Every structure is written in structure tokens, then in C-alpha cells.
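Derivation of every value follows stated rules applied to the coordinates shown; laboratory data play no part. Not measured: the values here are computed from a predicted model. We place every Cβ from the backbone using ideal geometry, glycine too, and count neighbours over all the protein chains shown.
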């Protein structure tokens with residue numbers, strides 16, 4: 001059974017049920033039941049029309065649930081009102097679900113969970129495993145999210161920026177458990193790009209592809225982080241890079257720049273360099289300037305200081321850093337790196353150790369510890 | 001089966017035998033230490049004794065209720081003298097002896113010079129559920 005195909009049908013099946021009169025929360029529950037049933041019975045006998053099968057099973061589940069709630073009159077009305085099965089407006093249904101699941105009334109964690117279930121077709125258990133919380137907790141989060149959006153009309157167009165933020169969050173979570181969230185985010189962004197022609201959707205897709213292309217090179221066999229400059233570039237996925245660059249170029253040619261296109265442009269410049277030394281840092285600084293103008297984010301300014309350090313030397317980088325708030329995440333790590341490049345190894349070692357102390361994830365902490373250790377033990381190892 | 005918490009401290013435990021701060025080790029020694037910890041957890045998963053393991057950041061603060069309608073009081077960052085937990089592993093084992101044996105292995109993780117750290121770990125039994133048969 002192709003689970004990806006199965007899951008890709010989720011939003012359009014929910015759309016069919018909603019058009020037949022089910023409310024979103026009940027439709028989503030019924031489709032989740034149908035998906036679990038499909039996972040159980042399809043391996044033994046896959047249906048000829050997978051979507052038709054899912055619609056039938058989900059609709060029956062929905063009617064059962066309605067019956068169980070003793071809403072008999074309402075059910076009969078619904079059955080009477082049931083339209084003849086016809087061609088479904090799949091792209092529209094899917095798009096509406098993206099907007100609903102990323103609705104601004106939802107917290108980011110709820111929007112992520114609801115998107116993965118109703119658009120991604122993942123089971124509650126899979127989502128719970130991916131985010132390392134108990135299944136009952138995730139079920140509750142999803143159920144509350146559905147109550148929050150219960151009054152939202154499915155026919156209202158939303159702001160695509162909220163959808164992109166949710167997909168970006170899913171991608172950035174990487175992967176844990178048996179669900180690869182990065183790959184899932186790419187699949188959902190591809191599906192969105194197919195349903196909604198927008199340069200920033202394309203920009204986000206390009207950004208994800210370009211980062212995903214480096215994944216194999218980013219960690220050592222023992223799990224240690226490998227920084228960009230030290231990665232084995234032959235392990236980058238050239239097919240993903242080519243696709244990302246092509247999508248980005250098409251988006252940029254429309255002359256409606258946004259933050260994801262600018263970030264993707266920076267990732268593309270890194271991908272384009274055969275060696276770290278050949279990186280076009282001057283252009284990267286220019287893209288950071290564009291990005292800073294678009295977002296005014298302190299994290300962007302911090303990354304810009306790193307790029308300035310590469311383009312114009314570590315002293316220029318430190319000057320750019322001096323204008324920023326030292327309490328920014330990774331400020332100390334950047335400062336350590338730039339100090340080391342100026343040759344001030346004592347200060348760099350101290351700053352690396354301090355940065356390790358402040359790190360917010362284990363892989364980064366271990367990486368920074370090794371940097372401090374390298375400088376502290378150089379010459380007597 | 002009984003669950004035990006193995007607690008590792010940043011501060012507050014008696015001094016380890018091989019007591020050198022991690023940033024004064026070589027990078028290879030840091031890597032060897034991390035590998036030892038990961039392998040240890042993986043081995044316990046295979047024996048069916050691993051429940052959970054988490055690492056904590058050294059930052060944090062004290063928080064307490066300050067009365068109706070008032071925001072909680074916070075006090076922090078922690079004083080230099082405070083006990084500071086670095087992380088934990090929860091194991092589900094047959095006996096206290098097995099818990100002690102595993103804690104001993106964990107304490108043998110290599111540190112400076114590739115030699116075991118001999119660090120002190122806290123081993124704490126969980127309070128159990130009420131058994132069905134009590135008479």
C-alpha cells in the first residue's frame with residue numbers, strides 16, 4: 001500500500017464530506033477513521049478507486065457517529081441532501097483546508113498538529129511520536145484546535161503567510177520517531193504550490209528543497225553537527241538543488257520578493273559553491289540586506305554579521321555584531337567564531353564554552369563544546 | 001519490574017574522581033563521552049529496560065504562586081551554590097541491584113584522558129502503583 005498516496009487524498013475526502021453537509025470537526029474525525037481502516041485492510045485488498053473507497057467509508061463513519069449522537073432528524077436531512085457523487089473540486093478543497101488549519105486563531109502548536117492530521121493525513125499517534133508527547137495529549141490538542149476553528153467558514157480565503165509559517169515550523173522540526181517531518185513538510189508545500197500559484201509558496205518550497213539537499217552531509221555518523229564549511233559537498237543531493245534553484249528562479253522572475261524567496265536565494269548561493277572557499281559572500285550579504293529590509297528580524301541581522309565576517313573579514317563581522325543585542329540566541333557562538341578568525345584564541349575558547357552553556361539543543365551544545373575543547377587543548381593533544 | 005530515576009548533576013553531587021570541566025577535554029574525548037552515553041541508552045532499549053532519558057539546559061529559575069490575581073514570583077538565575085540537575089534516565093529493571101549496576105556503568109563514561117569520570121549519580125526508586133492484591 002502506498003501510504004503517501006493514501007495520505008495525499010485526505011484533504012479532498014474531507015472536502016467531499018464537508019460539501020455534503022458534515023461540519024469540519026466531524027468530517028475530519030470520520031476521515032481519520034477511514035484512514036486507519038485503510039491502513040488495516042488495503043494491504044490485503046487495495047481498492048480500484050482509493051478516493052471513492054475513502055469517501056464511502058468516511059461518509060458511513062460520519063453517519064454512524066451522527067446516529068450515535070441520536071441526531072436522527074438531522075441525519076435524515078443530510079442523507080436526503082446528499083448530492084450525487086461528481087467530479088470533486090480537489091484543489092479548492094485542499095487549499096481551503098490549509099487556510100483553516102493555519103487559522104490565525106490557533107496557536108502555532110495547534111495549527112501544526114491540525115495541519116499534519118487534516119491536510120497531511122497523519123494519525124494522532126504518528127504526530128504524537130514526532131513531537132514526543134503522549135498520544136492522549138496530542139489527541140486533546142487536535143480536538144481543541146478543531147473546536148477553535150468550528151465557526152470558521154471554509155469558503156473564506158485566508159492569508160497564505162499564516163499557512164507558510166506553519167509549514168516552515170513543521171520543516172524546521174526535522175525528524176524524530178518514524179515520521180520524517182521535513183519530508184512531510186516538503187510534500188505538503190508541494191501540494192500547496194500545485195493548488196496556489198504564489199511566489200512566496202514557491203520560495204518556501206525552494207528553501208526547503210535546498211536545505212533538504214544538504215541533510216545527509218549535515219550530521220556525522222555519530223550524530224555530531226557538521227557546519228556548512230566542513231560538509232562533504234559531494235554528499236549534497238544535486239537533483240534537489242537543481243529543482244530548488246529552478247523553482248526559485250521562476251519565482252524571482254515575477255518580481256514579488258518575499259522573505260522565503262530571499263532565504264532561498266541565500267541557500268542557493270551556498271549550494272552553488274563547489275567549495276566553501278568559493279562561496280559568493282558578497283552576494284549573500286546583499287541578500288541579507290534585502291531580507292533585513294523585508295523582516296527586520298534580529299536573527300537575520302545576526303546571520304548577516306556572519307556573512308559580513310566572511311565577505312569583509314572578521315573585524316568587519318565583529319563591528320556588525322557590535323550593533324546587535326548580546327542576548328540574541330547564538331550571539332555568543334557567532335562572536336566566538338569571529339574572535340577565533342581574528343586570532344584571539346583565548347577569548348574564542350572562553351566564548352565557545354559560554355555559548356555551549358547557553359545552547360538550546362544538545363547537538364549544538366556538543367558542537368560548541370568541541371570547539372572550546374579544540375582551542376583549549378590545541379598543542380597538547 | 002521497578003522504575004528507577006538516574007540523576008546526573010551539573011553541580012551539587014560529590015566531586016567525581018576524574019573531575020575536569022568538559023571544555024578542557026579534547027574534542028575526541030568529548031565525542032567518545034557522547035558516544036558512550038548514546039550507546040548505553042541504545043543497549044538498554046535492546047534489553048527492554050530503557051524508559052526515558054532527557055538532558056536539561058543549565059539555565060532556569062525558581063517560581064512560586066504569589067496570591068490571587070498576582071503574577072507568579074520568580075527568582076533567578078540560580079545561585080552558584082544550588083544543586084543543578086543536568087539530566088536523567090529512567091530505567092525499568094528487575095531489582096535495586098540491577099539499577100545500581102547500570103548506574104555504575106553510566107558513571108564509568110569516559111572523560112578527560114579517555115579515563116572513566118567516576119561521577120556520582122543519584123539513583124531514586126519510583127513510588128509504585130498500588131498492587132491489586134494487598135492481603
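Any chance you could count how many residues in the range A:330-354 are more than 21 Å from residue A:303 (Cβ to Cβ) and part of a helix (DSSP H, G or I)?
6
Those residues that are surrounded by 14 or more Cβ atoms within 10 Å (Cβ to Cβ), more than 8 Å from chain A (Cβ to nearest Cβ) and more than 14 Å from residue B:87 (Cβ to Cβ), I need them from the range B:3-27; list them, please.
Residues satisfying the conditions are B:3, B:4, B:16, B:18, B:20.
Can you find even one residue in the range B:89-107 that is within 14 Å of chain A (Cβ to nearest Cβ) and out of contact with any strand residue (DSSP E or B) (no Cβ under 7 Å at 6 or more places or on another chain)?
no
Since residue B:54 meets every condition but one in (1) loosely packed, with under 12 Cβ neighbours inside 10 Å; (2) within 14 Å of another protein chain (Cβ to nearest Cβ); (3) farther than 19 Å from residue A:222 by Cα, which condition does it not meet?
The single condition residue B:54 does not satisfy is (3).
When you go through B:78, B:40 one by one, which is the residue that is part of a loop (DSSP other than H, G, I, E, B) and surrounded by 11 or more Cβ atoms within 10 Å (Cβ to Cβ)?
Residue meeting the stated conditions: B:78.
Which condition number does residue B:78 fail, the rest of (1) within 14 Å of another protein chain (Cβ to nearest Cβ); (2) in contact (Cβ under 8 Å) with a residue 40 or more places away in the chain being met?
With (1) within 14 Å of another protein chain (Cβ to nearest Cβ); (2) in contact (Cβ under 8 Å) with a residue 40 or more places away in the chain applied to residue B:78, the lone miss is (2).
Residue B:86 fails exactly one of the following numbered conditions: (1) within 14 Å of chain A (Cβ to nearest Cβ); (2) not in a strand (DSSP E or B). What is the number of that condition?
For residue B:86, the exception is condition (2).
Take the residues of the range A:355-372 that are at the interface with chain B (Cβ under 8 Å from one of its Cβ atoms) and in a loop (DSSP other than H, G, I, E, B): which is surrounded by the most Cβ atoms within 10 Å (Cβ to Cβ)?
A:359
Which of the residues that make up the range B:84-109 are in contact with a helix residue (DSSP H, G or I) (Cβ under 8 Å, 6 or more places away or on another chain) and buried (at least 18 other Cβ atoms within 10 Å of the Cβ)?
Scanning the range B:84-109 gives B:89, B:91, B:93, B:102, B:106, B:109.
Quick check: anything in the range B:60-74 within 14 Å of chain A (Cβ to nearest Cβ) and surrounded by 12 or more Cβ atoms within 10 Å (Cβ to Cβ)?
Scanning the range B:60-74, I find at least one residue that is within 14 Å of chain A (Cβ to nearest Cβ) and surrounded by 12 or more Cβ atoms within 10 Å (Cβ to Cβ), so the answer is yes.
In the range B:28-47, which residues are more than 9 Å from chain A (Cβ to nearest Cβ) and free of Cβ contacts under 8 Å to residues at least 12 places away in the same chain?
Listed by number, the residues that qualify are B:39, B:42, B:43, B:45, B:46, B:47.
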